[in-house]
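Engineer: Below is the structure I would like to discuss, written out as structure tokens.
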Amino acid sequence: MTQVGRILLRSSQTEDTSPDDGILVGRALAMDHGKVIVARDTARGSRMMSEAVISGLLFQGADVIDAGVLSAPALGMCASRADCAVYVAGRIGRMSGYYLINPDGGLFRDEQVRHLDLVFQNPPKPPAHDRMGTLSYRDGITEEYDSRVASEFPGGVKCSVVVDCMCGAASDSLPGILNGMGADVMAINAQKDPDFRPDTGADGEDGLGSLEDIVEANPGSIGIRVNGIGTALRVVDEIGLPIPPERVFALLVMYLKPKSIAITADSPSIIEEVFRGRAAAEVITPHEDPPSDSGELILTRDSPSAVCDAVAEGAELGYFRGSILFGGNAAIGDGIRAAAAIVQMAGDNSLHTICEGLPAFMRERREYGCPLKADAFRRAVEESLGPLADRCTQYGDEFRIVMDEGWFLLRRKTVRDGDVIEAIAESGDRAYLVGLMEVVGELVDTILRGRQ
């Protein structure tokens, strides 16, 4: 029925949404939200699904502000002007779905999604015909957002950058912001095109081949690709090599010097190493080091809304699967603002050289069939930890055990073939990682054997 933080009514990996679903989402939201801002991306189906949710909202008596085509961060910035916001975004191969955004600019929290599920199961009664909501239109939000981001990154930047906006709403913001900073900008896929399809690699994932080629042909430049809605980015360094998303975040931690960051408990170790000052790479930055005793690393369960919560409550930076969140702004991924910070950083630093100086960590992941329900799994883990209990911290339904030279995490999850126990382990030493996975295997065996 739902995915956390994003309502995809009556949908799964093989099912699609329809305008009827959008109307029901709007009616459900209107039960608790009297004023709602709605915006959409450039996907072909987003206009229809936007009009569907607006119809549901109006029918159930909510007042609606139609903000038109925007990037998601721009909508997050102005979400505080209503009781909530709805962002309609396309999905390759399926009809557009809905991001639901709180007034703090962050995605709906888990409990809010569960509450809506109850409304879906028992749709509200129609109001009287004279209780319909009102519809108004709002322009200028993109310009306001651009101005706010530009004010954080003054001009004079000496950097050449190739920008790929993936023909989405971010096209209206990113090239102009970077150009205003003084960067030498080459923009590709910077026109809004509802039929655009990204490059895909051999594994079917979003590829960076064309961007890498252009960067290689323009020595000294970097490449940045922002997803169409502006929530996440990819970066290519000065020699045409992609930088893994977690290392992009690590670069920003080194450059911006935040006093606190929020990441999920399974985030790569390089982020903590950099935040704790244990990486030896030198970075030129105008930002001062925070006091040595003031750094707060906030770990959360594997949920975008959990990271949103931490940022909304004061964390200066947040990271969730490629999306970077900035405290003091909307608590939603902002790839446009992150791109501006990376370009500013690259004006005085070599991203490639810094990344080469960062420590390397190895990660291994395994899945084990799990016949246990969620409550039984939690009890089984707690009863099976033994001497490891003192090294374990629980994050929701996840258990993270920190060892001397690495860590591992266990959680129960549902995949296409059924329920599994997912195990993730990391270490900077290959032999130690092998030992960690042996410990994981023994612990999982104890968990399953003890509950049969």
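Engineer: Report the local net charge at Ala315: Lys and Arg +1, Asp and Glu -1, summed over other residues whose C-beta lies under 10 Å from its C-beta.
Structural biologist: Details: positive: Lys259; negative: Glu296, Asp309, Glu313, Glu316.
Result for the neighbourhood of Ala315: -3.
Engineer: Next question, about the same structure. Could you tell me which of Val157, Gly140, Pro126 has its Cα farthest along the dipole of region 69-225 towards the positive end, charges placed at Cβ (Lys, Arg +1; Asp, Glu -1), taken about the Cα centre?
Structural biologist: Result: Pro126.
Engineer: In debye, nearest 20, what is the charge dipole magnitude of region 131-242 about its Cα centre with +1 on Lys and Arg Cβ and -1 on Asp and Glu Cβ, if you could check?
Structural biologist: Working: 8 positive and 19 negative charges, 106 e Å.
Its charge dipole is roughly 500 debye.
Engineer: Taking 45 Å as R0, compute the FRET efficiency from the Cβ-Cβ separation of Asp184 and Arg81 and round it to 0.05. Working shown, then result.
Structural biologist: Values: r = 36 Å, r/R0 = 0.80.
Rounded to the nearest 0.05, the efficiency is 0.80.
Engineer: Sort Lys413, Lys158 by heavy-atom solvent-accessible area, probe 1.4 angstrom, most to least.
Structural biologist: Details: Lys413 65, Lys158 170 Å².
Reading off the accessible areas and sorting them downward yields Lys158, Lys413.
Engineer: Multiplying the sequence separation of Arg91 and Asp130 by 0.36 nm and subtracting their Cα-Cα distance, what value in nm do you get? Spell out each step's value before the answer.
Structural biologist: Values: separation 39, 0.36 × 39 = 14.04 nm, distance 3.61 nm.
Full extension from Arg91 to Asp130 adds 10.4 nm.
Engineer: Identify, among Gly182, Ile354, Ser50, the residue whose Cα sits farthest towards the positive end of the charge dipole of the chain, taking +1 on the Cβ of Lys and Arg and -1 on the Cβ of Asp and Glu, with the dipole about the Cα centre.
Structural biologist: The Cα lying farthest towards the positive end belongs to Ser50.
Engineer: For Met437, project a label point 7 Å along Cα to C-beta. Then give me every residue of region 405-427 with its amide nitrogen under 16 Å of that point.
Structural biologist: 406-410, 422-427
Engineer: Right, something else. Using only the heavy atoms of the protein chains and a 1.4 Å probe, how would His287, His33 rank by accessible area, largest first?
Structural biologist: Descending order: His287, His33.
Engineer: Here's a follow-up. Which value, in debye to the nearest 20, describes the size of the charge dipole of region 83-190 about its Cα centre when Lys and Arg Cβ atoms bear +1, Asp and Glu Cβ atoms bear -1, and nothing else is charged?
Structural biologist: On the way: 9 positive and 14 negative charges, 79 e Å.
Computed charge dipole of region 83-190: roughly 380 debye.
Engineer: Karplus couplings for region 180-187 from phi (6.51 cos²θ - 1.76 cosθ + 1.60, θ = phi - 60°), rounded to Hz, Gly and Pro as x?
Structural biologist: x, 6, x, 5, 7, 10, 10, 9
Engineer: Between Arg114 and His287, what is the label-to-label distance in nm when each label sits 7 Å out along the Cα-to-Cβ direction?
Structural biologist: 3.5
Engineer: Which ³J(HN,Hα) values, rounded to whole Hz and listed in residue order, are derived for region 396-407 from phi using the Karplus coefficients 6.51, -1.76 and 1.60 in 6.51 cos²θ - 1.76 cosθ + 1.60 with θ = phi - 60°, glycine and proline given as x?
Structural biologist: x, 9, 10, 10, 10, 10, 9, 9, 5, 10, x, 8
Engineer: OK, next. Figure the gain on full extension for Lys413 and Ser350 (residue separation times 0.36 nm, minus the Cα-Cα span) and round it to one decimal in nm. Each step should come with its number before you reach the end.
Structural biologist: On the way: separation 63, 0.36 × 63 = 22.68 nm, distance 3.99 nm.
Stretched fully, the Lys413-Ser350 segment lengthens by 18.7 nm.
Engineer: As a check on your grasp of the helix formula, calculate [θ] at 222 nm for the chain: sum -39500 (n - 2.57) over DSSP H runs of n ≥ 4, divide by the residue count, round to the nearest 500.
Structural biologist: Numbers: 14 runs with 150 residues, N = 452.
Helix contribution divided over all residues of the chain: -10000 deg cm²/dmol.
Engineer: Given the chain, what whole percent of its Cα pairs are spread farther than 42 Å?
Structural biologist: On the way: 18377 of 101926 pairs.
Looking at the chain, the distances longer than 42 Å represent 18 percent of pairs.
Engineer: Enter the Cα centre distance for the pair region 48-124 and region 296-328, rounded to the nearest angstrom.
Structural biologist: 21
Engineer: Something else now. Ranked highest first by average number of other Cβ atoms within 10 Å, how do 38-44, 244-250 line up? List each step's numbers first, then the result.
Structural biologist: Values: 38-44: 24.7, 244-250: 21.3.
Order by mean packing, descending: 38-44, 244-250.
Engineer: For the chain, what is the charge dipole size about the Cα centre, in debye to the nearest 20, if Lys and Arg each add +1 at the Cβ and Asp and Glu each add -1 at the Cβ? Could the numbers behind the result be given before it?
Structural biologist: On the way: 44 positive and 68 negative charges, 249 e Å.
Roughly 1200 debye for the chain.
Engineer: Another question, then. Between Ala389 and Asp375, with labels modelled 7 Å along Cα→Cβ, what's the label distance in nm to one decimal, could you check?
Structural biologist: If labels sit at Ala389 and Asp375, their model points lie 2.1 nm apart.
Engineer: If I require 18 Å or longer along the helix axis, counting alpha carbons, and a Kyte-Doolittle average no lower than 0.0, what helices from the chain are left? Use full DSSP H segments. Intermediate results must be reported in sequence, preceding the final value.
Structural biologist: Working: long enough: 46-59 (19 Å, 0.99); 430-450 (30 Å, 0.83).
Helices meeting the span and hydropathy rule in the chain are 46-59, 430-450.
Engineer: Towards the positive end of the charge dipole of the chain, with charges on Cβ (+1 Lys, Arg; -1 Asp, Glu), say which of Ile284, Gly68, Ala169 has the farthest Cα.
Structural biologist: Gly68
Engineer: Going from most exposed to least, what order do Thr142, Thr353 have by accessible area with a 1.4 Å probe?
Structural biologist: Per-residue accessible area, sorted high to low, gives Thr353, Thr142.
Engineer: How do 367-374, 299-306, 338-345 rank on mean C-beta neighbours within 10 Å, highest first?
Structural biologist: Order by mean packing, descending: 338-345, 299-306, 367-374.
Engineer: Another one. Give me the net charge for the shell around Gly220: Cβ to Cβ below 14 angstrom, other residues only, Lys and Arg +1, Asp and Glu -1.
Structural biologist: On the way: positive: Lys158; negative: Asp184, Glu216, Asp237, Glu238, Asp348.
Every neighbour counted, the sum reads -4.
Engineer: How compact is region 229-332 by the rule of thumb for globular proteins, expressed as Cα Rg over 2.2 N^0.38 Å? Each step should come with its number before you reach the end.
Structural biologist: Values: Rg = 13.2 Å, N = 104, 2.2 N^0.38 = 12.8 Å.
For region 229-332, the normalised Cα radius of gyration comes out at 1.03.
The values are calculated or read from the model by the stated rules, or taken from the named source; none is laboratory data. Here the structure is a predicted model, which means the values were calculated and not measured. For neighbour counting, all protein chains shown are included, and Cβ atoms are generated from backbone atoms with ideal geometry for every residue, glycine included. These accessible areas exclude ligands, DNA and RNA; they are computed on the full protein's heavy atoms, side chains included. Shrake-Rupley method; radii C 1.70, N 1.55, O 1.52, S 1.80 Å.
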